[in-house]
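Quick notes on the structure that follows.
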Amino acid sequence: MDYLAVFLPLIAFLIAGCFGREIGDKAVQFVTCAGVIVSAICSVFLFFKVGVGQAPYTLTLAEWVHTGGLSVDWALKMDTLTVVMMCVINIVSACVHVYSIGYMAHDKHKSRFMAYLSLFTFAMLMLVTSDNLLQLFFGWEGVGLASYLLIGFWNTKHSANAAAIKAFVVNRVGDFGLALGMMACFVVFGSISFDVIFEAAPDQAGRVLEFFGFEIHALTLICLLLFIGAMGKSAQLGLHTWLPDAMEGPTPVSALIHAATMVTAGVFLVARFSPVFEFAPIALMVVCIVGAVTAFVAATIGMTQFDIKRVIAYSTMSQLGYMFFALGVSAYGAAVFHLMTHAFFKALLFLGAGSVIHAMSDEQDMRNMGGLWRKIPFTYAFMWIGGLALAGIPLFAGYYSKDMILEAAYADNSWFGTMAFWFGIAAAFMTAFYTWRLILMTFHGKSRASKNVQDHVHESPRIMLVPLCVLAIGAIFAGMAFYTPFVSGTHHEEGGAHAEISHEAGTETHASGLLPGSEDFWGDALFILEGNDTVTAAHNVDLWVKLAPLVVGLIGIGLAYLIYMFKEGIAGGFKKLFKPVYLLFLNKWYFDELYNQVFTKNTFRLGNVFWKKGDKAVIDGLGPDGVSKISRRGGSLLSKFQAGLVYQYAFVMMLGVIGIVTWLFIRLKGW
């Protein structure tokens, strides 16, 4: 079961990549879709076996590296965190694979696209099933490679190539931090195996390392370096600029990479290393602050964008900020809970946006849409479901997970937790506003498309709508179904005993149903120090804290209706009245311009110096170019004696004879 869940996407990739031309497009689509669907079914079985059945295990596949003091095996670590991630990855990937059959139907290279999707899925599975940092790094870089191939899939477009390179380069910055974190782990713990690191973490809590001449708390240094890696993959503020540009890839890529898989790798990494982060409170504070600021800034940008996919992309960045500030206040279960629910409703929104783009003949600008709800009613309904979940409306998945994060941040009773709470409340308001701005501009009002586009608007085929149905079920029911096992909470009794507490009115204090309570469910997969259990504390916050996200969400929806349905002139008035702020948000806080001035241009200047002065002038000038230049000059000089004049030839021969006689005379005399 575990082998099938992990390695079927790899087998599908190899078949599609090596024999795609021979077996044809339809066979490739069948093989790749069947492989990931079976993997998804196996992942669900593993979820009940490992998570619900509380039977974690590690499966060693082979010896990998044994040299000096480093010993690493290739193994699959199957615990609750792993199987939850596997379910998210494989289920969403299965939906994307099937959806891609319809979306990429007219593409000439659909076989290559399906192969890349399966490769990406396998790389993510390697990442989340890793038993050690080296295997995690293998999956981490595999995801980076596959995302580069997918973002730049339409390689005849300059913008797609530039976006792929940008994603690859920006992620290398974060990956350098991850690599340093791996090395620091080996220095401190003498191993890069998770079990060894996590077991030894309490004993190393007071250790200090010298880093660039400074004495730094060892675990804090390790956690901050790992977090830099997480910032790159999960597009946190500072290393986020690749995410919106990555929308240049096909829409199924956006759903797979930016909704459920690649961008959640950083969240998974921090959650996996909770036994280390718990002993590094400064690192947790940094994680919380960065996450809170990211959630806020991304939401401000999302309110002003007009590309339908970019609005959803910035929404993803904002929701990832929620997950990170949940991690920063030790609400690991809440972060993973939101990761799971977000995967369903955000993939639903991305694929729904793809359905709109498909209907609108590849138009992505919402200013050229409008009045679509009658022509594509199924897509309209699915976008509503995704929007309600994203805005945190009760009974939909996002309501349960996002509200738990905000309540946990407030319950942390720290200055950065309180800051995260208020930033999260502000982001919740903006999220509801830009979500309904998207829905209203796209589906309501008068059509702003050209007559030619209007005449060809049509609902997507069934092969594209069925995956949306699956994701819609998750967007509606995932929050209700998994609230108890993910975040029901526990309290610590004297002597270290644990018992579950009531978390909502009408909920039993002991989970006696199909799914266990959160402590039994997570087991050793997540570690929380006794004084840091903010998930439990979140159930006891004031009522206004629980109601605040819903209230601001409803206000945001109402404001969007007012501006984009009833008083359309208000939007223009706001733009004029707050023009500097509007331009700041519209231009994405000028991060791209800043990076271009500070890093990109200076890097090119430095590169030109090394190229012209170093490579061409020194290396080539003294090396092959210099030798060839001397040879040419010598040949040119000798060629002057080849003038065709007999007396010149005689003179040269005489010089030669004199030279030979002189050399022989010197040798005989022994000089």
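Which of the residues spanning the range 314-351 are open to solvent by 10 Å² or more (accessible area, probe 1.4 Å) and of a type in the set (Lys, Arg)?
none
Regarding LEU606, is this residue closer than 30 Å to LEU440 by Cβ, at pLDDT 85 or above and either in a helix (DSSP H, G or I) or open to solvent by less than 90 Å² (accessible area, probe 1.4 Å) (or both)?
Here the answer is no, as LEU606 does not meet what is asked.
Which of the residues belonging to the range 190-219 are among the hydrophobic types (A, V, I, L, M, F, W, C), in a helix (DSSP H, G or I) and open to solvent by 30 Å² or more (accessible area, probe 1.4 Å)?
VAL196, PHE198
Go through (1) open to solvent by 40 Å² or more (accessible area, probe 1.4 Å); (2) touching a residue at least 12 places away in the same chain (Cβ under 8 Å); (3) part of a helix (DSSP H, G or I) and name the single condition PHE527 misses.
(3)
Got a number for residues in the range 530-575 being touching a residue at least 12 places away in the same chain (Cβ under 8 Å) and more than 26 Å from TYR434 (Cα to Cα)?
11
For residues that are open to solvent by 10 Å² or more (accessible area, probe 1.4 Å) and in contact with a Gly (Cβ under 9 Å, 6 or more places away or on another chain), scanning just the range 103-127, find the one that is farthest from ILE11 (Cα to Cα).
Among residues in the range 103-127 that are open to solvent by 10 Å² or more (accessible area, probe 1.4 Å) and in contact with a Gly (Cβ under 9 Å, 6 or more places away or on another chain), the one farthest from ILE11 (Cα to Cα) is TYR103.
Scan the range 637-654 and give yes if some residue there is touching a Ser or Thr at 6+ places or on another chain (Cβ under 9 Å), open to solvent by less than 90 Å² (accessible area, probe 1.4 Å) and not polar (S, T, N, Q), otherwise no.
For the range 637-654, residues touching a Ser or Thr at 6+ places or on another chain (Cβ under 9 Å), open to solvent by less than 90 Å² (accessible area, probe 1.4 Å) and not polar (S, T, N, Q): absent.
Conditions (1) more than 30 Å from GLY573 (Cβ to Cβ); (2) assigned to a helix (DSSP H, G or I), marked per residue:
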| residue | (1), (2) |
| --- | --- |
| LEU584 | no, yes |
| ASP592 | no, yes |
| THR600 | yes, yes |
| LYS612 | yes, yes |
| GLY635 | yes, yes |
| ALA643 | yes, no |
| MET654 | yes, yes |
| GLY659 | yes, yes |
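Given the condition open to solvent by 70 Å² or more (accessible area, probe 1.4 Å), touching a helix residue (DSSP H, G or I) at 6+ places or on another chain (Cβ under 7 Å) and not aromatic (Phe, Trp, Tyr), answer yes or no: does some residue in the range 571-587 qualify?
yes
Which of the numbered conditions does MET323 fail, given that it passes all the others? Conditions: (1) over 23 Å from the mean Cα position of the chain (by Cα); (2) part of a helix (DSSP H, G or I).
Unmet condition: (1).
Residue by residue through the range 384-413, note down the ones that are open to solvent by 40 Å² or more (accessible area, probe 1.4 Å) and part of a helix (DSSP H, G or I).
TRP384, TYR399, TYR400, TYR410
Picking from ALA167, ALA162, which residue would you name as being in a helix (DSSP H, G or I), open to solvent by 10 Å² or more (accessible area, probe 1.4 Å) and in contact (Cβ under 8 Å) with a residue 24 or more places away in the chain?
Answer to the selection: ALA162.
All but one of (1) open to solvent by 10 Å² or more (accessible area, probe 1.4 Å); (2) closer than 20 Å to ALA525 by Cβ hold for LYS157; which doesn't?
Checking LYS157 against (1) open to solvent by 10 Å² or more (accessible area, probe 1.4 Å); (2) closer than 20 Å to ALA525 by Cβ, the one that fails is (2).
Within the range 18-66, restricting attention to residues that are among the polar types (S, T, N, Q) and open to solvent by less than 30 Å² (accessible area, probe 1.4 Å), which residue is farthest from the chain's Cα centre (by Cα)?
GLN29
Cβ contacts < 8 Å: first residue more than 16 Å from GLU141 (Cα to Cα), restricted to the range 173-188; second residue open to solvent by 20 Å² or more (accessible area, probe 1.4 Å) and in a helix (DSSP H, G or I), any location; separation 6+ or different chain. Result?
Matching pairs, first to second residue: VAL188/GLN204.
The values are calculated or read from the model by the stated rules, or taken from the named source; none is laboratory data. Nothing here was measured: the structure is a model prediction, and the numbers come from that model. Positions of Cβ are backbone-derived with ideal geometry, glycine not excepted, and every protein chain shown enters the neighbour counts. Areas reflect the complete protein model, heavy atoms only, side chains present, ligands, DNA and RNA absent. Shrake-Rupley method; radii C 1.70, N 1.55, O 1.52, S 1.80 Å.
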